[in-house]
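Notes for the one structure printed next.
The values are calculated or read from the model by the stated rules, or taken from the named source; none is laboratory data. Note that the structure is predicted; figures quoted are calculated from it, not measured. Here the Cβ positions follow ideal geometry from the backbone for every residue, glycine too, while neighbour counts run over all protein chains shown.
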Amino acid sequence: MKIFIKVKTKAKKEFVKKIGVNSYAVSVKERPIQGKANQAVIEALAEHFGVKKSNIKIISGLASKQKIIEIGSN
């Protein structure tokens with residue numbers, strides 16, 4: 001499954017919120033330095049969807065607030 005996300009970094013509260021059919025807003029506490037925010041996004045999505053972190057891959061937007069994520073099963 002592919003989803004589109006908009007990321008907010010340096011947030012006070014972490015959450016994953018559905019904003020459209022395949023669109024989500026993800027808020028993380030980490031700063032966008034050395035991939036820490038991307039890792040926090042993967043962890044938040046894994047917890048939200050109940051999958052392993054290894055099943056989530058950032059396809060597009062590594063250095064952007066808007067990302068395309070692929071979520072596998074297992």
So, of the residues in segment 1-60 that are in contact with a helix residue (DSSP H, G or I) (Cβ under 9 Å, 6 or more places away or on another chain) and among the basic types (Lys, Arg), which turns out to be nearest to SER73 (Cα to Cα)? LYS52
Is one or more of the residues making up segment 57-71 modelled with pLDDT of 95 or more and in contact with a Ser or Thr (Cβ under 6 Å, 6 or more places away or on another chain)? yes
Being surrounded by 12 or more Cβ atoms within 10 Å (Cβ to Cβ), at pLDDT 95 or above, assigned to a loop (DSSP other than H, G, I, E, B) and hydrophobic (A, V, I, L, M, F, W, C), is that true of even one residue in segment 38-46? no
Which pairs turn up if I take residues in segment 48-74 that are closer than 14 Å to PHE4 by Cβ and in contact (Cβ under 8 Å) with a residue 24 or more places away in the chain and look for partners that are assigned to a loop (DSSP other than H, G, I, E, B) and among the β-branched types (Val, Ile, Thr) with beta carbon separation below 7 Å, at least 6 apart in sequence or on another chain? ILE71/VAL51
Residues of segment 1-18 being of a type in the set (A, V, I, L, M, F, W, C), within 19 Å of ILE59 (Cβ to Cβ) and either part of a loop (DSSP other than H, G, I, E, B) or touching a Lys or Arg at 6+ places or on another chain (Cβ under 8 Å) (or both), in sequence order, are MET1, PHE4, ILE5, VAL7
Taking the stated definitions as given, is GLU30 in a loop (DSSP other than H, G, I, E, B), surrounded by 11 or more Cβ atoms within 10 Å (Cβ to Cβ) and at pLDDT 95 or above? yes
Under 6 Å between Cβ atoms, at least 6 apart or on separate chains: pull out the pairs that start in segment 11-27 with a residue that is over 12 Å from HIS48 (Cα atoms) and free of Cβ contacts under 8 Å to residues at least 60 places away in the same chain and end on any residue that is of a type in the set (S, T, N, Q) and assigned to a strand (DSSP E or B). ALA11/SER27
